[in-house]
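What follows is one structure encoded as structure tokens, with my remarks underneath.
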């Protein structure tokens, strides 16, 4: 359990990080409606993964208490105003490409983290752990593919318009 616990902790941390990054990118690019709404949906997936990993770890005696959901406050309002202001200049396109690249890399790291408990579950015939991975990992792969597709779709118009 010690090795599996370490990997579950890594997955938990990675999914928490990705959820926060998705929300930050969505807020930063609020004027890009597809990015804003899809990031919110994808962050919901990562938050669900965090809960499921914590439940699975808890059943194995490992406490992975997740952070509290961020509430409304000054920071989200500042991000919204910044997005509105920055949304009128050409540089936000480059920022968006960088943010999408970073999201892709974060999701790719999580995908690798999901592979480890998948292999451990198969080796130990742990059906509960395998069910967790089978439910969550495909969503992480979809998060990664979404970011990759957005870069491919946006890069030509952003880079050639500078």
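The values are calculated or read from the model by the stated rules, or taken from the named source; none is laboratory data. Just so you know, these numbers come straight off a predicted model, no measurement behind them. Every residue, glycine among them, receives a Cβ derived from its backbone with ideal geometry; neighbour counts consider all protein chains shown.
Tally time: how many residues in the range 7-33 are farther than 14 Å from residue 103 by Cβ and either part of a helix (DSSP H, G or I) or touching a strand residue (DSSP E or B) at 6+ places or on another chain (Cβ under 6 Å) (or both)?
So the answer is 9.
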Being modelled with pLDDT of 95 or more, part of a helix (DSSP H, G or I) and surrounded by 20 or more Cβ atoms within 10 Å (Cβ to Cβ) narrows it down to one of 50, 38, so name that one.
50
Hits in the range 2-30 (condition: within 16 Å of residue 54 (Cβ to Cβ) and crowded, with 22+ Cβ neighbours inside 10 Å)
8, 11, 12, 14, 15, 18, 19
With respect to residue 108, is the statement that it is at pLDDT 90 or above, under 20 Å from the mean Cα position of the chain (by Cα) and either in a helix (DSSP H, G or I) or on the phi > 0 side of the Ramachandran plot (or both) true?
yes
Got at least one residue in the range 75-87 being within 22 Å of residue 6 (Cβ to Cβ), modelled with pLDDT under 95 and within 22 Å of the chain's Cα centre (by Cα)?
no
